[in-house]
1. Just checking, does region 413-426 include any residue being at pLDDT below 80 and assigned to a loop (DSSP other than H, G, I, E, B)?
2. Can you tell me which residue within region 94-111, out of those that are open to solvent by 60 Å² or more (accessible area, probe 1.4 Å) and either under 55 Å from the mean Cα position of the chain (by Cα) or modelled with pLDDT of 95 or more (or both), is nearest to Gly15 (Cα to Cα)?
3. Only one residue in Leu371, Leu404, Leu344 is in contact with a helix residue (DSSP H, G or I) (Cβ under 9 Å, 6 or more places away or on another chain) and at pLDDT below 95, so which one is that?
4. Return the pair list, or none, for Cβ contacts closer than 6 Å from residues in region 185-201 that are farther than 18 Å from Gly174 by Cβ and without any contact (Cβ under 8 Å) to a residue 24 or more places away in the chain to residues that are of a type in the set (A, V, I, L, M, F, W, C) and crowded, with 16+ Cβ neighbours inside 10 Å, at least 6 apart or on different chains.
5. Out of all the residues in region 293-330, which are touching a residue at least 60 places away in the same chain (Cβ under 8 Å), assigned to a strand (DSSP E or B) and open to solvent by 50 Å² or more (accessible area, probe 1.4 Å)?
6. Can you tell me which residue is farthest from Glu454 (Cα to Cα) among those in region 416-437 that are crowded, with 17+ Cβ neighbours inside 10 Å and of a type in the set (A, V, I, L, M)?
7. Tell me, yes or no, whether region 147-160 has at least one residue that is of a type outside the set (S, T, N, Q), open to solvent by 50 Å² or more (accessible area, probe 1.4 Å) and modelled with pLDDT of 95 or more.
8. Spot the failing condition for Asn216; the list is (1) modelled with pLDDT under 80; (2) open to solvent by 80 Å² or more (accessible area, probe 1.4 Å); (3) not charged (D, E, K, R), and only one is missed.
Amino acid sequence: LPAGNYRVTVNNPSGFTPTQTQPNAIALATGQNVDTVDFGFTQQQGTLGDTVYNDTNGNNTQDTGEAGINNVTLNLIGAGPDGQFGTPDDITRTTTTDSNGRYSFPGLPAGNYRVTVNNPSGFTPTQTQPNAIALATGQNVDTVDFGFTGQGSIGDTVFNDTNANGVQDQGEPGIGGVTINLTDSSGNVVTTTSNSSGNYSFPNLTPGNYTVSIPNPPAGFNPTLVPSSISLQPGQNFDTADFGFTQQPRGTIGDTVFSDRNDNGVQDQREPGISGVSVNLTGAGPDGQFGTADDITRPAITTDSNGIYRFINLPAGNYRVSINPPSNLPQVTTTGGTQQERNLQPGQTLDNVDFGLRGGAVGAANTALRLVKRITNVLRNGQPVNGINFSGFVDDPSDNNDNLLQQAGRPPVGVYQIETPLQSGDEVEYTIYYLAEGDQDLQNVSFCDLIPPETSYSSGEISVNRAGATSLLTNAEDSDQGTFYTPLRELPPEANPNRCPRNQTNTKGAVIVNLGTITITPDRNFGFLRFRVRID
């Protein structure tokens with residue numbers, strides 16, 4: 001070049017940005033070689049990235065309030081200069097998300113790229129990047145998002161709702177060992193059990209509709225709170241699926257074991273209860289069936305002095321009540337015999353489970369002895385009290401034996417109840433009639449009668465009539481005809497034929513009369529004995 005002024009320019013190469021240019025003219029001297037006219041270019045680089053986020057509503061878009069997920073690993077694969085994935089010139093990089101779930105792969109030349117992510121623990125992907133990304137020279141692509149929904153849970157507590165208000169209040173304990181079922185919208189069922197505090201949980205659940213249920217409620221409880229269908233959102237922990245149960249009101253079963261004198265199966269007026277009778281109770285348990293493994297057996301109890309028994313604090317269910325009749329009253333007259341079954345509702349009191357008992361045949365198996373007791377006189381100062389008729393037959397509606405004696409032509413005269421007030425010192429005469437029925441003689445028959453309360457045995461006579469013959473008994477003992485046992489004197493042992501029931505207490509005295517053998521003939525099967533007491 002001859003000496004002179006020169007200017008050099010360049011056409012920028014594609015994909016490059018100039019970093020050094022020659023804006024000024026160059027003065028070239030004669031013979032001068034200027035070798036410093038450089039032009040510098042930098043290749044344009046791009047960026048790939050954006051956010052890994054919790055897609056709580058599962059709509060594949062990061063909405064307002066949906067937070068990023070930190071410390072998630074992402075992988076970048078570039079196809080390299082040949083543009084083909086899986087060849088030796090591929091480019092690989094790795095990065096992790098920051099505290100806001102953001103990530104970036106900077107300094108990338110133009111080309112094809114793929115971004116993958118390692119799924120964070122406990123999350124399910126909702127938005128991925130399955131296709132390759134064509135990055136132009138210097139391009140910043142900030143839309144490579146990855147969305148995940150967290151796995152949710154359903155649970156809370158099975159509790160004893162003691163005040164039955166449907167809310168677990170302070171102090172209301174959980175109920176452990178209860179089986180809970182979780183059913184999804186496809187009908188699939190999984191099961192868990194409440195712990196000792198009543199808590200339960202179904203973890204690792206995907207979004208969807210669920211129901212929770214308790215197939216076998218705890219025995220003796222009624223539900224007060226049952227969760228409805230649950231629509232579980234992505235990543236939601238539904239911890240308010242409570243079950244409340246209140247203990248069912250407890251019930252009572254019982255009534256009376258009584259002496260059914262007229263054999264009609266009903267406790268009529270003046271038919272006394274029988275003390276000391278053993279009563280048993282068996283519950284059918286939750287399955288309602290007797291004889292299975294869940295049956296409930298209560299310890300046997302005995303009737304009190306009035307023949308009353310009670311099984312208390314019983315949950316609702318089916319029950320069987322049974323008795324062991326005493327040997328002197330072997331026959332049960334009430335429906336069901338020695339056992340009765342009842343269905344007890346929550347809080348119900350069943351006070352109609354009676355058992356009527358009566359004695360069987362006295363002596364030979366084919367012979368029965370019927371007894372009727374009447375008041376046949378009242379003396380005041382040695383004279384009969386006026387206004388009371390003791391000479392006629394009076395039917396006692398609670399005792400059918402008197403009708404049977406009347407039909408046999410042996411009417412028991414006297415009254416069974418006195419309306420006229422009596423006074424201290426009055427003497428009351430009692431007569432016990434008997435009628436032997438059957439085809440065999442009765443051997444070694446004896447009567448025992450306790451002196452009534454509020455009276456004392458009179459020093460007067462005891463009369464015994466057999467086949468029309470009357471003999472007198474004094475206060476002295478007579479082993480052949482009768483004995484008066486003074487108050488609190490020990491009654492004869494049961495091995496002795498002259499005995500009173502062992503469950504009676506000799507507080508006022510007792511009269512025991514041995515009649516010996518009663519021969520079953522028309523003129524020997526009937527008789528009576530009588531004694532007097534004084535009103536205290």
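1. No, that holds for no residue.
2. If we take residues in region 94-111 being open to solvent by 60 Å² or more (accessible area, probe 1.4 Å) and either under 55 Å from the mean Cα position of the chain (by Cα) or modelled with pLDDT of 95 or more (or both), then Thr94 is nearest to Gly15 (Cα to Cα).
3. Answer to the selection: Leu371.
4. The qualifying pairs are Val190/Leu182.
5. Answer for region 293-330, where residues must be touching a residue at least 60 places away in the same chain (Cβ under 8 Å), assigned to a strand (DSSP E or B) and open to solvent by 50 Å² or more (accessible area, probe 1.4 Å): Ile312, Asn313.
6. Ala436
7. no
8. Condition (1) is where Asn216 drops out.
The values are calculated or read from the model by the stated rules, or taken from the named source; none is laboratory data. Just so it is clear, the structure is predicted and the values come from calculations on it, not from any experiment. All Cβ positions, even for glycine, are placed from backbone atoms using ideal geometry, and neighbour counts span all protein chains on display. When the accessible area is computed, the model is the full protein with side chains, heavy atoms only, and any ligands, DNA or RNA have been set aside. Shrake-Rupley method; radii C 1.70, N 1.55, O 1.52, S 1.80 Å.
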